[in-house]
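The values are calculated or read from the model by the stated rules, or taken from the named source; none is laboratory data. None of the values given here were measured: they were computed from a predicted structure. Every residue, glycine among them, receives a Cβ derived from its backbone with ideal geometry; neighbour counts consider all protein chains shown. In case anyone asks, the SASA skips ligands and DNA or RNA and just uses the protein heavy atoms, side chains included. Shrake-Rupley method; radii C 1.70, N 1.55, O 1.52, S 1.80 Å.
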Amino acid sequence: MKIKIFAFLILFGSIINGCNTSNEETGTYDLIVYGSTSSGIIAAYTARMKGLEVLLVSPDNHLGGLTTGGLGYTDIGNKYAITGLAKDFYRRIGAKYGTFERWIFEPHVAGEVFQDYIKEAQIPILAGHRLSSVNMEGAEIKEIILENNVNAQELKALSARVFIDASYEGDLMAKAGVSYTVGRESNEQYGETYNGVQLRKRHQFPDFIDPYKVKGDSSSGLLWGISLEPVAEDGTGDQKLQAYNFRICLTNEADNKVEITRPADYDSSRYELLLRLFEAQPDKRSLNDYFIWSKMPGGKTDINNRGGFSTDMIGMNYDYPEASYEEREAIVAMHESYTKGLLYFYKADPRVPEQLRKEMQEWGYPKDEYIDNNHWSPQLYVREVRRMVGQTVMTQHHCQAKEVVSDPIAMAAYTMDSHNCQRVVVKKDGVAMVKNEGNVEVGGFGPYPIGYGAIIPQRAECQNLLVPVAMSASHIAYGSIRMEPVFMALGQVAALAADLAISNETGVQEVDYRAIQQEIASDPLSNGAVAEILVDNNDQSVNATGNWEAVNSYCYGADALQIMGEGMASFKPSIATSGQYEVYVYFSKIEGVAPVTKIGITTGNLSASVDIVAEEIEIIGQTSGEWVAVGKYQLNADQTNSVTIYGNKEGLVRADAILLVPETSVK
């Protein structure tokens, strides 16, 4: 492990407003990472572990973006796609909760994990400074000018050999003159089918909910939140954005609860349409009918949008990408007011059905979260802002494997997902009614590669910038890629690319993606630790006997082997470094699963047998499977080692993947 040692002035327990003394004097670094999102922190960590002189610029005082901002019910897609430090993050979360890995968590626990990364790599952070301007020299960023958030006249000039824009907004990318787009492309532009205007059935109002203030009277005007704009033809491009919201952390534990109170600017007319939805759905009287009410550890929640009217503030974010900082703050404040007002409306308005009111009254803001922000997340879920038009544009075709990139450096796997973009009036049988437009949820594909060209600008525009978050993708492809674990993986890739560009004295476009692949394969945690060993069912070393069939749903990776009856599938890992390894088997708790799955482990001349009892396995989060530990073993490079999964006549057994995790963390 190579780390240059500096004399840092760092306060580990909190964000600092400063940086390394010697670099602060010159304002010059190897790498500047702009944006303290999850991607930005992982990028800065990776670069520091590679020995670069790094500065992480945090435009505000919040570290971790959405990952520490309430999005604790992680959008996984497929665990196979999450590698390197992204996977390590969820392993560290697991350690905080006493498990192998954990994909659902409390905000402050995620914050602790990011602070651990910062301490380990001694990452200097300049907080409370945001981008004012960028000075270019040809196709390179010469320096960036930052302004103090409190006093915009207080400027700071910083330079670096390479820059990473890890912000959700893509502000550095934009000010550097890199091409980008906002909104939805037409389907025609990239030959897609799920881009542009999409009037579909999910997260939708039932038919015939009247949109007017006075039912049936168009002259009375539209209810709050409904647009006058006519709906364009499906597939039409526009600059509309999918809705933003807050991922809400509440608790129902009395000793940790702060009451939901009436916001100062509360306006119940914002929720009149919701009353009509209640009226149209008399059978839906649970909060989970109107919110995705995901339970977190510690008696808390991660609440997301559900249905026709929920936490998404549809159509109120169009100005956000190009807005001034002050205008963005006003948009964030408007979303906060709307959301807190919505919670209070459920709790207190007598027109809300009693069952819903009583249920909401059990909940409040958690005392132990966001202590410096009145127990409310400082991070609005800005799902999509600017998107770079880079060397490669990821599209629907890449998601569905109709096209495959030639320079793979990370993977994504989530459904192509867009929240609604507008709330409109349509007519059916001559009757006006309200509908949401823009929601798309299309899956049915496995993990797919993201190209290196999607995180770098076109060569003529900028040669020392990487963009792992506001990266290059069409609206609908970005809807699949834009998940926090993927942003972390791309942050690590961006830092490794920066290191290679600096070492080889080239532009980022000249970096060989294969060198990045090799780095991640040989040193996935960027810390010199012995790499874990994954053997998937498609590995050539796997030998299956019996009537196994390939299945492609609820799998780790693209597919799995499945059997009911006698049979065996043996996984034979190649061990490069002898030592103690914890052995895991990926277990999917599918319908019809066998009550017991027998596992055989052979290490040289020693054998062991372990039973996985299905009813004892708890599946947590957006996944159908978990890694199940089957013991710790001495595995030597000069012996034959195998893990065998046996079929069972009493139910389905899957042979999907095994994982060997080394006990030692140092080579």
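A few comments on the model shown:
- Each Lys or Arg adds one and each Asp or Glu subtracts one; over the other residues with Cβ under 13 Å from the Cβ of ASN537, this totals -3.
- A simple count of charges around ALA657, restricted to other residues whose Cβ falls under 13 Å of its Cβ and scoring Lys, Arg +1 and Asp, Glu -1, yields -4.
- Put the Cα centre of the range 164-213 next to the Cα centre of the range 454-497 and the gap is 17 Å.
- Rg/Rh for the range 38-151 stands at 1.03; both radii use Cα atoms, and Rh follows the Kirkwood definition.
- Difference of contour (0.36 nm per residue) and Cα-Cα distance, ARG285 to ALA432: 50.3 nm
- Take every Cα pair under 8 Å whose residues are at least 6 apart in sequence, average their separation, divide by the length of the chain, and the relative contact order is 16 percent.
- Our helix-only sum for the chain, with -39,500 (n - 2.57) per DSSP H run of n ≥ 4 divided by its residues, gives a mean residue ellipticity at 222 nm of -6000 deg cm²/dmol.
- Label-zone membership for the range 569-588, site ALA550, 7 angstrom Cα→C-beta point, backbone N under 19 Å: 569-572
- The Rg/Rh ratio for the range 429-544 is 1.13, where Rg is the radius of gyration of the alpha carbons and Rh is the Kirkwood radius.
- Equivalent-ellipsoid semi-axes for the range 587-667 (Cα gyration tensor, √(5λ), whole Å, largest first): 25, 17, 9.
- Between ASN148 and SER179, the FRET efficiency from the beta-carbon distance, with R0 = 25 Å, is close to 0.25.
- Karplus-derived 3J(HN,Hα), 6.51/-1.76/1.60, for each residue of the range 422-434, Hz, glycine and proline x: 7, 10, 9, 9, 10, 10, 9, 6, x, 9, 6, 8, 8
- Distant alpha-carbon pairs in the range 526-655 (separation over 21 angstrom), percent: 40 percent
- If you sort LEU155, LEU228 by accessible surface, 1.4 Å probe, largest first, the order is LEU228, LEU155.
- Computed packing ranks the peptides 552-563, 141-152 as 552-563, 141-152, most packed first, by mean other Cβ atoms within 10 Å.
- From phi via Karplus (6.51, -1.76, 1.60), per-residue ³J(HN,Hα) for the range 385-391 in Hz, x at Gly/Pro: 10, 8, 10, 4, 9, x, 5
- Two tests apply to each whole DSSP H helix in the chain, Cα reach of 24 Å or more along its axis and mean Kyte-Doolittle hydropathy of at least 0.5, and the ones passing both are 484-504.
- Semi-axis lengths, largest first, of the ellipsoid equivalent to the chain are 40, 34, 24 Å, with √(5λ) applied to each eigenvalue of the Cα gyration tensor.
- Residue-normalised convex hull volume from the C-alpha trace of the range 258-383: 118 Å³ per residue.
- Between the range 266-316 and the range 567-629, the alpha-carbon center distance in angstrom: 40 Å
- Relative to the current alpha-carbon distance between SER578 and SER186, full extension at 0.36 nm per residue lengthens the span by 135.7 nm.
- Subtracting the Cα-Cα distance of ASN605 and MET316 from 0.36 nm times their residue separation leaves 97.4 nm of extension gain.
- Among beta bridges that DSSP assigns inside the chain, antiparallel share in %, nearest 5: 85 percent
- FRET efficiency for the SER269 to SER324 pair, using the beta carbon distance and R₀ = 25 Å, is estimated at 0.30.
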